[in-house]
Every structure is written in C-alpha cells, then in structure tokens.
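The values are calculated or read from the model by the stated rules, or taken from the named source; none is laboratory data. These figures come from a predicted structure and were not determined experimentally. FYI the Cβ positions are ideal-geometry reconstructions off the backbone, even for glycines, and counts take in every protein chain you see. SASA here: full protein model, heavy atoms, side chains in, ligands and nucleic acids out. Shrake-Rupley method; radii C 1.70, N 1.55, O 1.52, S 1.80 Å.
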Amino acid sequence: MYKLSIIVIFCLIATVGKSQDTPAQEPIKVVESFLDKVEKSKTISHSSDQVWSRIDGFGFEDNNHHKGDSKFMIVPDDTIGAYCSFHATHKSLSYKNKKPVVLTGNYNGISMSTINYNDSTVNITDLSQYPSQKIYITTWMLYMHSAMDVYNMMKESRELAYKNLSFVSDTTINNEKCVRAVLTQRDTIVQGKHLFSKKIISISPTTYLPRHTITINHTAMGNQTIETSLSNYKLNEQFESGTFSSNNVPDGFRRIDYSPVRYVPTLTPGKEAPGFQLSTVQGGPVSLASYKGKVVLLQFSGVNCGFCRAAIPDLNDLYTKFDKKQFELLSVYSDASKAKLENYIEKLEIEYPILVNGEEEQEKQGLWKKYGVDGIPHFFIIDQEGKISDYWRGYQKGTVETITEEIGKMLTAE
C-alpha cells in the first residue's frame, strides 16, 4: 500500500492553498473527467485497502485495517447514486489477539444485508419498513473512501462551484504522476484549537479514477487519519444476477430480520444487583458484596466513549459530595488494559475507583448482560441492601445532577 508517514501528511496539509506545479485548469479538468466517467458508466468495481489510525486527545492510539472488494451499479436516482456489494476483512492492528472479522454487505435500494462469516449470521433490513436505516449504507467501511464515495463528495463540491476544493503538488503512485485534489469539509478555530476535516484525493490523469485518498480529521476529541489505496478497477463489468440481493443466505447461516430494539431494562428497581469481583486500577480486587450497607453508584463506561469522558468532571464532583462511609462510586471499563487506564486516569484526573472488566469481548459481555447494558455510559444506583434503586442510560447536561439528588435523598432518609 502507498503509505505516507504522519509527518509527511501534515507537511502536505500545510501546503494546501499554496501554488501548485501544474496550471489550475488542468487539475479541474481531471476532476471533471472523473465525474463524467462515473456518470457515463453502468458499473464500477475496485479493490480497497484502508488503514484507519486514531490518536485521541489523551494520547491513546487505535489502528484498524480494512481490505476487500467493492462493486457498484450506477443508479442516479438512488440515495447514494448506486447499488453496492462489498466483501471485506476488518482487522484490529491495536489488539493482535483479536480475530479478523469477515463480512459481506449488499444494498439494492429495497433492502440491505450484512453477512458475518465469523458468527454465521445474516442481518437483513427491509428498507420499506425502516427507510431511516439507509444512512448506514454510507458508514460501511468499504463504502467510505471508495470511488463512489469520492464521486459523491466531488459532485457536491461541483454544485458549490468547487469553493471547498484546492490542489497541492502532484504525486507519483505506482510510477504514475497523479493530480492531488484537497476537499475541505471543515476548517475552523474553536477555543484556540485548529479543527478541520480534509480529504486528499489522488486521481490518475490517464484513467481519471482515484488511486489513493487520505482523510485527516482533527476534532476536539482527537486526530484521525484514514489512508486508502484503490486498485483493480473494472468499468461496465457484467455482474452476476443477484449480486446486490439480500436473499443470498449461505447454507448453515442464521437469518436475522432487522427490527428496532427498544431498551427493556433487565434490572428494574427492587431487583437484586448481580454480584461481581473485579480489580481496580488504583488498588486491589473489590467485590460488590463488600459495599453492602452503602449506597453505590455503578457506572459502565469506556475510554473510547465521548459522552463517558464528558461525564467525568461531574462524577468527580459527585464523588466528593458524600461521606465514603455511606457512599461509593464504581466505574467499570471494558475496552482498555490496566496500563492504558492508568494513563487515562492520570490525564483526566479521575478521583473515583476505576474497575477493569477485561479487553476480551466475552469478559465484557458477561457482566454487561447481567446488568442489561446495551450502550455506555450506563448508570445504576444500588441501595444499602444491594438492590437496584434507579438507572439511567446515556449522558446529557443535568444527568449527574439528577443522580446526585437521588443519592442525597437516599442518604438523608437513613
């Protein structure tokens, strides 16, 4: 894969808006020729090789590799201008022990499906019943940063008279000099921080097709770089009948028809809180049973959860409000090692106990299922008898204030 270092990428970004080696009209012609080529094609297919790298605001790094093949049948009136079929392998580069996930995704305007070869399931969504699910088509890994994705972005830029498009000096990819266009989707200063989202697209001036893209996102939550190589293009290929069908359920696979899952709490007020024993980052092992006689606020959280981080200052304040002889706050993290959490606690100045629930999915799911947790952050108040008193899903302004009031009432009632 044509791999650029982070330093080179930022040097490249620094050149955006400066003069280029080739006349301005020539790169624009290449972009226009690319748009014209897609619009005149019946089908497009290509291979995709993507490396996603993310460093959050606290220095934690996450890297993933997505590789596979994409097929598009051009349908101008469709939501994304095409029907799609993907076959991909997704691999975590941060956790070597994690098994690669092999998926096939299909979309034909009527339904969409995902075949998971790891657990032998096929998830199918009937879009006539759930049209809002169409948004998830563009979040499929091999759709994002595909030729069709680039086309839709360039088409939108053309409608804006290319006001968000600029060029940097040409680059050479596999011995071919390519034009580099830069799409700026966001560029602003917030509280002294330069936040931006840019996509650098290298287009062949002979085939008029994208060969390589780099997406750089600088957000308040951290920095992300997505580097993609596109190859093995075929245009106007005759696809097999049923290529985009959602009914291609392999033998032995279980079909799951999508339906919205409403949250139904496993633990309602008055039920016994499931026991557990976990290790804290700051100290040794603790068990829930050891806190009987105290009010406990149990939170399920994660280092990769923005709303969980947003709640930390409020939880620090809550933790200092009540006598530790009567109250304890325990926060369970299921997506990081102890070493990573030590750094996290230090950088975020977390004052309350953090419990490590393991990095393996099976470990995490065991405790999550006991409590009926389907997302984070998730809060449970456990009374002095070890029973659920109340619960909250998610975090927004006022959530911790409400929890604090409830705990105060319980302690005052003693």
## Note on the structure
Per its Cα gyration tensor (rounded if a/c is under 1.5, else prolate when a/b beats b/c, else oblate), the range 224-266 is best filed as oblate
## Note on the structure
Amide H contacts under 5 Å for Met112, restricted to residues at least 5 apart in sequence or on another chain and with H modeled in the peptide plane, are Thr125, Leu127
### Message
My understanding is that a pair violates if its Cα-Cα distance is over 20 Å; which of Lys292/Lys387; Lys91/Lys198; Lys271/Lys292; Lys347/Lys369; Lys198/Lys347 do that in this structure?
### Response
Lys91/Lys198; Lys347/Lys369; Lys198/Lys347
### Query
From the backbone phi of the range 162-171, what are the Karplus-calculated ³J(HN,Hα) couplings (6.51 cos²θ - 1.76 cosθ + 1.60, θ = phi - 60°) in whole Hz, Gly and Pro given as x?
6, 5, 9, 10, 9, 9, 10, 4, 4, 10
### Relative contact order (%) - the chain, alpha-carbon pairs under 8 angstrom, separation at least six
14 percent
### Task
For the chain, find the longest principal axis of its Cα atoms and tell me its angle to the long axis of helix 361-371, 0 to 90°, nearest 10.
50 degrees
### Task
Once you have a ≥ b ≥ c as the square roots of the Cα gyration tensor eigenvalues for the range 58-134, tell me rounded if a/c is under 1.5, and otherwise prolate or oblate according to whether a/b is larger than b/c.
prolate
### Message
As an exercise, find the ratio Rg/Rh for the range 212-301 from alpha-carbon atoms, using the Kirkwood inverse-distance average for Rh.
### Response
1.20
### Query
Simple spin-label model, 7 Å along Cα-to-Cβ: Ala413 to Asp374 in nm?
2.8 nm
### Query
What is the helix-to-structure angle for 147-159, meaning the angle in degrees between its Cα long axis and the longest Cα principal axis of the chain, kept from 0 to 90 and rounded to the nearest 10?
80 degrees
### Task
Could you tell me how many degrees, from 0 to 90 and to the nearest 10, lie between the Cα long axis of helix 25-40 and the main elongation axis, the longest principal axis, of the Cα atoms of the chain?
80 degrees
### Length released on extending from Tyr233 to Thr138, taking residue separation times 0.36 nm less the Cα-Cα span
32.2 nm
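Note down the relative contact order for the range 312-414 as a percent, whole number, built from C-alpha pairs under 8 angstrom at least six residues apart.
Reported relative contact order: 23 percent.
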### Query
Counting only protein heavy atoms, what percent of the accessible surface of the range 298-383 is carbon or sulfur at a 1.4 Å probe?
47 percent
### Task
Under 12 Å Cα to Cα from Lys134, which aspartates and glutamates show up? Leave out anything in the same chain fewer than 8 places away.
Asp78, Asp126
### Query
For the range 87-185, what relative contact order do you get, as a whole percent, if you take Cα pairs closer than 8 Å and at least 6 residues apart?
13 percent
### Query
Using unit Cβ charges (K, R positive; D, E negative) and no other charged atoms, how large, in debye to the nearest 20, is the dipole of the chain about its Cα centre?
500 debye
### Query
Which entry is the computed semi-axes √(5λ) of the Cα gyration tensor in Å for this structure: [x] 38, 26, 17; [y] 46, 27, 18; [z] 38, 21, 20?
[y]
## Note on the structure
For Lys155, placing the label point 7 angstrom along Cα-to-beta-carbon and taking the range 72-96, residues whose amide nitrogen sits under 17 Å are 72-85
### Summary
Given a Förster distance of 45 Å, the FRET efficiency implied by the Cβ-Cβ spacing of Lys338 and Lys163, rounded to the nearest 0.05, works out to 0.35
### Message
Need one word for the range 142-287: rounded, prolate or oblate. Basis is the Cα gyration tensor (sqrt eigenvalues a ≥ b ≥ c); a/c below 1.5 gives rounded, then a/b vs b/c decides.
### Response
oblate
### Message
Per residue of the range 388-394, what does 6.51 cos²θ - 1.76 cosθ + 1.60 with θ = phi - 60° give for ³J(HN,Hα)? Whole Hz please, x for Gly and Pro, Karplus curve as stated.
### Response
5, 9, 6, 8, 9, 10, x
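Given 0.36 nm per residue, what is the gain on full extension from Gln282 to Thr188 after removing their alpha carbon distance, in nm? Show your work: numbers first, answer last.
Working: separation 94, 0.36 × 94 = 33.84 nm, distance 3.88 nm.
Fully extending the segment from Gln282 to Thr188 adds 30.0 nm.
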### Protection-proxy order for peptides 183-196, 110-123, 314-327, each taking the mean of Cβ atoms within 10 Å per residue, highest first
110-123, 314-327, 183-196
